[in-house]
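Peer 1: Below you'll find the structure I mean.
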Amino acid sequence: MLKKISMIAATAVFALAGASQAATIFEDNFDNEALELNASLDKWTVAPGSVDVIGTGSFDFYPGNGNYLDMNGSNVSEGKITTTGSLGLVLGKKYTLTFSYGANTNTGAPPIILSFGLGGATQTIVFNTQPPSLVSAVYTFVYDNSGDYLFFADTSGTPNDQGGPVLDNVKLSAVPLPAGGLLLLGALGGIAALRRRRKAA
């Protein structure tokens, strides 16, 4: 009996363990976008303002990183990008957002401010000089049902300098269930399955 329970529980744990890996909800490194000033984007809506797709061969401030976005477009307006379509976010679930940021060397007077968020949950990064290389950022959000989208915006307040925060390597992932929770769910699932079998017998 115990052996049978253990085998069923183990099967359930292995099935759940596969699902415990961080599931990628959305990602974009902008390498599939054409180099373009005042660009439109495949996975994002650009509004208000404008953005430039820059990188290899065009205003390449961070060589070796492919294409990336200048969040202040060449029509001298600070840009905002919002994911197009639903991300399928779940109320109360944790999500990890990772991305890289820097700045266009044409950026005017500091500070440089990059705002971003998941729905209405907003964060900002403020810096005063252009980083010599792209900086990696990691943030965790608990989805509060305030909007099923991801956004980034230049909120520096200097729309006429034709240079703003630079954005690259955006990735949003669902935070997996802790290992302890998986074991408990697996064991409970195995016991429940055994009880159903005994009742059916």
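The values are calculated or read from the model by the stated rules, or taken from the named source; none is laboratory data. All values reported here derive from a predicted model rather than from experimental measurement. No Cβ is skipped: glycine too gets one built from the backbone with ideal geometry, and neighbour counts run over all protein chains shown. Surface accessibility is based on the protein's heavy atoms, side chains included, excluding ligands, DNA and RNA. Shrake-Rupley method; radii C 1.70, N 1.55, O 1.52, S 1.80 Å.
Peer 1: Which pairs have Cβ atoms under 7 Å, sit 6 or more apart or on different chains, and link a residue in the stretch 40-62 that is closer than 26 Å to I25 by Cβ and basic (K, R) to one that is open to solvent by 50 Å² or more (accessible area, probe 1.4 Å) and part of a loop (DSSP other than H, G, I, E, B)?
Peer 2: Close Cβ pairs satisfying both conditions: K43/T84.
Peer 1: Could you list, in sequence order, all residues of the stretch 62-93 that are small (G, A, S) and either touching a Phe, Trp or Tyr at 6+ places or on another chain (Cβ under 9 Å) or modelled with pLDDT under 95 (or both)? Don't jump to the end; show me each part of the working.
Peer 2: Just the residues of the stretch 62-93 that are small (G, A, S), to begin with: 64, 66, 73-74, 77, 79, 85-86, 88, 92.
Answer for the stretch 62-93, where residues must be small (G, A, S) and either touching a Phe, Trp or Tyr at 6+ places or on another chain (Cβ under 9 Å) or modelled with pLDDT under 95 (or both): G66, G73, S74, S77, G79, G85, S86, G92.
Peer 1: Another question, then. Pairs only if they're at least six apart or on different chains, beta carbon under 8 angstrom, first in the stretch 152-181 and open to solvent by less than 30 Å² (accessible area, probe 1.4 Å), second of a type in the set (K, R); list them, first residue then second.
Peer 2: Partner pairs satisfying both residue conditions: F152/K80; A153/K80; D154/K80; A174/K93; A174/K94.
Peer 1: Pull out all pairs, ordered by first then second residue, where Cβ-Cβ is under 7 Å, the residues are six or more apart or on different chains, the first lies in the stretch 115-143 and is modelled with pLDDT of 95 or more, and the second is open to solvent by 60 Å² or more (accessible area, probe 1.4 Å) and among the basic types (K, R).
Peer 2: Sorted first by the residue in the stretch 115-143, then by its partner, the pairs are T140/K94; V142/K94; Y143/K93.
Peer 1: Within the stretch 125-147, count every residue that is crowded, with 16+ Cβ neighbours inside 10 Å and part of a loop (DSSP other than H, G, I, E, B).
Peer 2: Matching residues across the stretch 125-147 total 4.
Peer 1: Only one of L35, L97 is modelled with pLDDT of 95 or more and in contact with a Phe, Trp or Tyr (Cβ under 6 Å, 6 or more places away or on another chain); which?
Peer 2: Numbers: L35 fails: in contact with a Phe, Trp or Tyr (Cβ under 6 Å, 6 or more places away or on another chain).
Checking each option against the conditions leaves just L97.
Peer 1: OK, next. Considering only residues of the stretch 1-21 that are open to solvent by 60 Å² or more (accessible area, probe 1.4 Å) and of a type in the set (G, A, S), which is modelled with the highest pLDDT? Can you show your working first?
Peer 2: So in the stretch 1-21, the residues open to solvent by 60 Å² or more (accessible area, probe 1.4 Å) come out as 1-4, 6-7, 11, 14-15, 19, 21.
Filter once more, keeping what is of a type in the set (G, A, S): 6, 15, 19.
Numbers: S6: 39, A15: 36, A19: 44.
Per the criteria, the residue is A19.
Peer 1: Select from the stretch 148-170 the residues that are farther than 14 Å from V126 by Cβ, in a loop (DSSP other than H, G, I, E, B) and touching an Asp or Glu at 6+ places or on another chain (Cβ under 8 Å) and list them in ascending order. Don't jump to the end; show me each part of the working.
Peer 2: Filtering the stretch 148-170 down to residues farther than 14 Å from V126 by Cβ leaves 148-152, 159-163, 166-170.
After this cut, where a residue has to be in a loop (DSSP other than H, G, I, E, B) as well, the list is 148-149, 159-163.
Within the stretch 148-170, P159, G163 meet the criteria.
Peer 1: Here is a further query. So which strands (runs of 3 or more DSSP E) are wholly in the stretch 67-118 and hold at least 2 residues that are surrounded by fewer than 20 Cβ atoms within 10 Å (Cβ to Cβ) and out of contact with any helix residue (DSSP H, G or I) (no Cβ under 7 Å at 6 or more places or on another chain)?
Peer 2: On the way: elements: 67-70, 80-83, 94-103, 112-118.
Filter on the stretch 67-118 gives 94-103, 112-118.
Peer 1: Oh, and also: What's the total number of residues in the stretch 40-61 that are in contact with a Phe, Trp or Tyr (Cβ under 7 Å, 6 or more places away or on another chain) and either of a type in the set (D, E) or closer than 14 Å to G164 by Cβ (or both)? Reasoning before the result, please.
Peer 2: Just the residues of the stretch 40-61 that are in contact with a Phe, Trp or Tyr (Cβ under 7 Å, 6 or more places away or on another chain), to begin with: 53-55.
Still in the list and also either of a type in the set (D, E) or closer than 14 Å to G164 by Cβ (or both): 53-54.
Qualifying residue count, the stretch 40-61: 2.
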